[in-house]
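Student: So that we are looking at the same thing, I have put the structure below in structure tokens.
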Amino acid sequence: MKTSLQKIVKSRRVVIKVGTSLLSDSKMNLDRKSLSSVVENVLVARKMGKSAVLVTSGAVGAGMGKLGLKTRPKTSLEKQICAAVGQSLLMHEYERIFSESGVVTAQVLLTRNDIEDRRKHQNVRKVIEGLLEKNVLPIVNENDVVADDEIKFGDNDTLSGLVAEIIDAESLIILTDVDGLYDSIESKKIIPVVADIDSRLYEIAGGAGGENSVGGMITKLKVAEKMTRAGRITVIASGKRSDAVKKILSGENVGTLFLPSKKRIEARKRWIADQLISRGKIIVDAGAANALKNRGGSLLPKGIKGVSGSFVAGSPVEIVDESDLKIAQGLSAYSSRELGRIKGIRSDKIESVLGYTRGEEAIHRDNLVVFK
Ligand code: GLU
């Protein structure tokens, strides 16, 4: 715990994420007071010598306010329209407030496509790093105007975790409208430190947040889990306090702190598990599920019961057990059509069925990440 707090204090790069519920008032107009508090928090991080990146939601919300919508739009098109209106309002406000402190801001809008491929991902990293070198504050949001459901991150909690990964930030601070993770809704007692994110915690986290927020505690937990696997720190705290970041970066335990996991996963495997969108599903039998989970094995065609989705060889796919529980994610050596033909057979029979072989394993263990 102590060392983690020190790690936060020492971190060079920090990603600060703020959500819609924090930034909007009841009519879904940008809440200037909250915005100022967010700005305070970011300025403090910079004053403390950190390279800070702000990931901000609020575009759809601000667009709703401007267009007079009372409830969050249901269709993608309506959301895109609101985002197109709201993103510029959001940036305008940030630019206005930050410039009062002499801080130059930059708008960075991303879709999943922009980071999925390694070359593009490095490009995004270079741009963000270039901005930081020039002491400019990158303000990141999803490019909602062009992101349809296929290429969406879906929520900015997930996006903020990916940004932390891309720029190798040691810590992620998620500022929200609650004080942290409560141990139960009734008691409203904050869990100060989480060493291990387990299923009990997911139960506590419950459903999504309010009707105008996209991620909820569950999404935040998932992000924290990915961060901890990478040896990074996550803090969930209230952004209504303008001193939250100052305290956190000074080593005070504010909100809920998620400690880095002892079971780290190497960068390439994190890439497979956390950044790639799965293109299909492979359903495996109990024997294969057990081998994957407990024996560190590869996935062989023999253990495959079914395949869903249509994907080419080399695609990221989910591996689920017979009750549809996701147990792993990996890069499939075979296409969905090929797997459909070789499922259930022994590996030495692959060639006689297909007329060729791409290897004994459907997914080699080097290309596989098992979730325990
Ligand atoms: N990108 C969306 C917006 O700016 C928000 C997504 C989220 O809140 O997680 O409105």
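Student: Can you tell me which of 158-164, 269-275, 222-228 comes out highest on packing, and rank the rest after it, using the mean Cβ neighbours within 10 Å?
Tutor: Working: 158-164: 26.1, 269-275: 18.4, 222-228: 24.1.
Output ranking for 158-164, 269-275, 222-228: 158-164, 222-228, 269-275.
Student: At what distance in nm do the modelled label points of K240 and L325 sit from each other, each positioned 7 Å from its Cα along Cα→Cβ?
Tutor: In this crude label model, K240 to L325 measures out at 3.8 nm.
Student: Starting from 0 in steps of 10 Å, tell me what percent of the Cα-Cα pairs of the chain lands in each bin.
Tutor: Per 10 Å bin, starting at zero, the Cα-Cα P(r) for the chain comes out as 5, 23, 30, 24, 13, 5, 1, 0 percent.
Student: Packing-wise, with mean Cβ within 10 Å as the measure, how do 243-256, 347-360, 170-183 rank, highest first?
Tutor: Numbers: 243-256: 20.9, 347-360: 13.2, 170-183: 22.9.
The packing order, highest mean first, is 170-183, 243-256, 347-360.
Student: Starting from the Cα of K349, draw a straight line to each of the lysines and keep only those under 16 Å, dropping any in the same chain fewer than 8 residues away.
Tutor: The qualifying lysines are K302.
Student: Same structure again: Let me know the charge dipole size of the chain about its Cα centre in debye, to the nearest 20, where only the beta-carbon of Lys, Arg (+1) and Asp, Glu (-1) is charged.
Tutor: On the way: 59 positive and 46 negative charges, 165 e Å.
With only Lys, Arg, Asp and Glu charged at Cβ, the dipole is about 800 debye.
Student: Moving on to the next point. Divide by every residue of the chain the summed helix terms, -39500 (n - 2.57) for each DSSP H run of at least 4, and state the resulting mean residue ellipticity at 222 nm, rounded to the nearest 500 deg cm²/dmol.
Tutor: Value at 222 nm, helices only, nearest 500: -11500 deg cm²/dmol.
Student: May I ask you to list the residues of the range 288-309 whose amide nitrogen lies under 16 Å from a point 7 Å from Cα along the Cα→beta-carbon direction of E266?
Tutor: 296-298
Student: Also, quick follow-up: Determine the dipole magnitude for the range 133-184: charges of +1 sit on the beta-carbon of Lys and Arg, -1 on that of Asp and Glu, nothing else is charged, the reference point is the Cα centre, and the result goes in debye to the nearest 20.
Tutor: Its charge dipole is roughly 260 debye.
Student: Given a cut-off of 19 Å, name the pairs among K263/K305; K50/K152; K10/K47; K27/K189; K79/K281; K74/K226 whose C-alpha atoms lie farther apart than that in the structure shown. Spell out each step's value before the answer.
Tutor: Details: K263/K305 30 Å; K50/K152 29 Å; K10/K47 14 Å; K27/K189 29 Å; K79/K281 29 Å; K74/K226 29 Å.
Distance filter (> 19 Å) returns K263/K305; K50/K152; K27/K189; K79/K281; K74/K226.
Student: Report the local net charge at V284: Lys and Arg +1, Asp and Glu -1, summed over other residues whose C-beta lies under 9 Å from its C-beta. Mind showing how you got there, number by number?
Tutor: Details: positive: K305; negative: D285, D321, E322.
Net charge in that neighbourhood comes out at -2.
Student: May I ask for the net charge around I350, where only other residues with Cβ less than 13 Å from the Cβ of I350 are counted and Lys, Arg are +1 while Asp, Glu are -1? Kindly include the intermediate steps, with their values, before the conclusion.
Tutor: Numbers: positive: K302, R341, K343, R346, K349, R358; negative: E338, D348, E351, E360, E361.
Surrounding charge for I350 is +1.
Student: State which helices in the chain qualify, where a helix is a whole DSSP H run, it must extend 30 Å or more along its own axis by its Cα atoms, and its mean Kyte-Doolittle hydropathy must be at least -0.5.
Tutor: 76-100
Student: To continue, here is another question. Pull out the extension gain between V136 and S250, defined as 0.36 nm times the separation in residues minus the alpha carbon to alpha carbon distance; nm, one decimal. Mind dumping the intermediate values first?
Tutor: Values: separation 114, 0.36 × 114 = 41.04 nm, distance 2.30 nm.
Contour length minus Cα-Cα distance gives 38.7 nm.
Student: To the nearest 0.05, what FRET efficiency results for Q107 and N290 with a Förster distance of 35 Å applied to their C-beta separation?
Tutor: After rounding, the FRET efficiency stands at 0.10.
Student: Roughly what would the spin-label model give for F371 and T71, points 7 Å off Cα along C-beta, in nm?
Tutor: 3.0
Student: Within 12 Å, Cβ to Cβ, of G309, how many net charges do the neighbouring residues add up to if Lys/Arg are +1 and Asp/Glu are -1?
Tutor: With Lys, Arg at +1 and Asp, Glu at -1, the net is +2.
Every number in this text was worked out from the coordinates using simple rules, so none of it is lab data. Owing to the predicted nature of the structure, the values given are computational and were not obtained by experimental measurement. For neighbour counting, all protein chains shown are included, and Cβ atoms are generated from backbone atoms with ideal geometry for every residue, glycine included.
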